[in-house]
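Read the structure below first, then the notes.
The values are calculated or read from the model by the stated rules, or taken from the named source; none is laboratory data. Predicted model, so just to flag it, every value in this text is computed and none were measured. For neighbour counting, all protein chains shown are included, and Cβ atoms are generated from backbone atoms with ideal geometry for every residue, glycine included. Please note that ligands, DNA and RNA were not included when accessible areas were found on the heavy atoms of the full protein model with its side chains. Shrake-Rupley method; radii C 1.70, N 1.55, O 1.52, S 1.80 Å.
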Amino acid sequence: MATACFDDLIHAPNRLKICALLAPVASLEFTTLCEQLGVSDSVLSKHIKSLDDAGYVVINKKPSAGRQRTWLALSPKGRKAFNSHVAALKEIVG
């Protein structure tokens with residue numbers, strides 16, 4: 001079980017949703033995240049930049065059908081921070 005530690009960076013609503021969407025999968029495409037969150041590319045980019053600066057996400061750019069696609073995944077550090085944050089939230093509400 002993860003050690004409970006509230007993380008202000010992850011707690012922002014869109015960043016929390018990003019981490020929650022990335023947690024159960026190996027990776028997700030940037031466009032899919034935009035659609036799931038209902039935000040613009042620029043809004044998502046700003047949140048991804050914050051998570052990337054903290055080392056919480058891994059960004060992988062791959063060509064596909066003649067276009068460059070961006071794929072995102074939680075890094076091991078990001079996964080640990082997210083699980084710890086969720087544990088802290090559960091302690092608060094539990």
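Can you put K77, K62 in order of accessible area, largest first, using a 1.4 Å probe? Before the final figure, lay out the partial values.
Values: K77 120, K62 90 Å².
Heavy-atom accessible area, descending, gives K77, K62.
Run the accessible area of the chain with a 1.4 Å probe and give the carbon-and-sulfur part as a rounded percent. Intermediate values should be presented prior to the final figure.
Values: 3180 of 5700 Å².
C and S fraction of accessible area: 56 percent.
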Computed E for A4/E29 - FRET, C-beta separation, R0 35 angstrom, nearest 0.05: 0.65
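Averaged per residue, what accessible area in Å² does the chain show with a 1.4 Å probe, protein chains only?
61 Å²
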Please label the shape of the range 10-94 as rounded, prolate or oblate, based on the square roots a ≥ b ≥ c of the eigenvalues of the alpha-carbon gyration tensor (a/c under 1.5 means rounded; beyond that, a/b larger than b/c means prolate, else oblate). prolate
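How long is the gain from E91 to A20 if the chain were fully straight, where each residue apart is worth 0.36 nm and the alpha carbon distance is subtracted? Don't skip to the end; give the middle numbers.
Values: separation 71, 0.36 × 71 = 25.56 nm, distance 1.77 nm.
Using 0.36 nm per residue and subtracting the Cα-Cα distance, I get 23.8 nm.
What is the gain in length, in nm to one decimal, between K62 and S45 on full extension, counting 0.36 nm per residue of separation less the C-alpha to C-alpha distance? The partial results should precede the final answer.
On the way: separation 17, 0.36 × 17 = 6.12 nm, distance 1.69 nm.
Between K62 and S45, full extension yields 4.4 nm more.
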